[in-house]
Structure formats: C-alpha cells, structure tokens
Ligand SMILES: [Zn+2]
Ligand SMILES: [Zn+2]
C-alpha cells in the first residue's frame with residue numbers, strides 16, 4: 001500500500017504532499033522545536049527526499065548549527081526543518097501537524113529525551129535518545145543544543 005497524504009498550513013497557502021511511507025515518525029523534545037512550535041514537543045515525519053512535494057512560498061529562518069527552519073510566512077505554521085543531517089542522509093523532515101489523522105502515525109523515535117517534559121507520560125514502543133540517534137554513549141561528548149545542529 002502506498003501512503004499518500006496531503007496537508008496544509010493554517011492559512012492554506014502552503015500545500016504539502018507526502019508520497020510513500022515515512023522512514024520514521026519522530027517526537028523531538030529539543031528547545032528549538034519547542035520554541036518554534038510553541039509547544040512541549042514537535043512531531044515530524046522523516047521522509048525520503050523525493051517523497052515530499054511542497055507548493056506555496058515558504059519563509060526560511062536560518063537556525064544555528066547550519067539548519068533552516070521553514071514556515072509559512074503568512075500564518076507562521078512550521079513546515080519543514082532542513083539540517084546538515086537531512087542533506088547528508090537525503091531525507092526531509094516535515095512537521096506532522098500539517099496533516100489530518102496524525103493519530104494514525106505514532107512516533108517510533110524520540111530525540112532530545114534529556115529535555116522531555118517531566119509531566120509527559122512515557123510513549124509506548126519508542127526508542128528514546130538523549131540527543132540524536134548515533135550520538136548517545138561515547139559520542140554524547142559531541143554535544144548538540146538542538147536537533148538541527150551539526151555535531152561534526
Ligand atoms: Zn499559511
Ligand atoms: Zn528538535
């Protein structure tokens with residue numbers, strides 16, 4: 001079954017189409033995702049590069065660490081985060097809140113678990129990383145301050 005989902009920002013000027021299966025649904029607890037979203041955590045779909053189509057004008061905010069947070073300049077809805085990691089891995093990270101039926105796509109990975117709100121109950125079946133996958137354990141010394149930052 002090929003998944004096909006269409007989402008929009010709050011004002012409808014930006015249209016996003018996901019074609020195919022997400023590589024992962026991620027809940028990010030980092031400070032930048034929380035601030036940008038005005039919320040306690042961010043839910044995103046990690047997609048193969050060629051499985052995302054975005055129509056409409058996005059405004060880019062150059063975040064620290066070489067990443068870009070892209071949003072609708074008219075209504076402020078966060079749409080996409082481009083990072084050194086996504087460029088390297090050939091993925092696109094799209095905000096899940098754009099789409100209907102987010103309850104059908106529960107997170108499988110949690111990033112920046114060290115900043116997880118203490119009142120938030122544990123999610124069932126997620127892999128929780130202190131920062132980003134691949135940066136736990138001995139690599140944790142390469143500290144990141146948010147999910148879009150580059151550790152290298
Ligand atoms: Zn908009
Ligand atoms: Zn984040």
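Could you look through the stretch 1-59, keep only residues that are touching a residue at least 24 places away in the same chain (Cβ under 8 Å), assigned to a loop (DSSP other than H, G, I, E, B) and within 16 Å of ligand 1 (Cβ to nearest atom), and pick out the one that is farthest from residue 89 (Cα to Cα)? So, considering only residues that are touching a residue at least 24 places away in the same chain (Cβ under 8 Å), assigned to a loop (DSSP other than H, G, I, E, B) and within 16 Å of ligand 1 (Cβ to nearest atom), the one farthest from residue 89 (Cα to Cα) is 11.
When the stretch 28-45 is filtered for residues that are farther than 12 Å from residue 80 by Cα and near ligand 2 (Cβ under 9 Å from one of its atoms), the ones remaining, listed by number, are 28, 29, 30, 31, 32, 34, 41.
Would you call residue 107 under 18 Å from residue 134 (Cβ atoms), in a loop (DSSP other than H, G, I, E, B), touching a strand residue (DSSP E or B) at 6+ places or on another chain (Cβ under 8 Å) and in contact (Cβ under 8 Å) with a residue 40 or more places away in the chain? Criteria met by residue 107. Within the stretch 4-22, can one find any residue that is under 13 Å from the mean Cα position of the chain (by Cα), within 16 Å of ligand 2 (Cβ to nearest atom) and farther than 20 Å from residue 150 by Cα? Within the stretch 4-22, none of the residues are under 13 Å from the mean Cα position of the chain (by Cα), within 16 Å of ligand 2 (Cβ to nearest atom) and farther than 20 Å from residue 150 by Cα. Residues satisfying the criterion are present in the stretch 50-65 (criterion: within 16 Å of ligand 2 (Cβ to nearest atom) and either farther than 18 Å from residue 150 by Cα or out of contact with any strand residue (DSSP E or B) (no Cβ under 7 Å at 6 or more places or on another chain) (or both)). Considering only residues of the stretch 70-100 that are in contact (Cβ under 8 Å) with a residue 60 or more places away in the chain and more than 15 Å from ligand 2 (Cβ to nearest atom), which is surrounded by the fewest Cβ atoms within 10 Å (Cβ to Cβ)? Looking at the filtered set, the residue picked out is 100.
The numbers here are math on the coordinates, done by the rules we state, and not lab data. As the structure is a prediction and not an experimental result, all values here were calculated from the model. In this analysis, Cβ positions are derived from the backbone assuming ideal geometry, glycine residues included, and neighbour counts consider all displayed protein chains.
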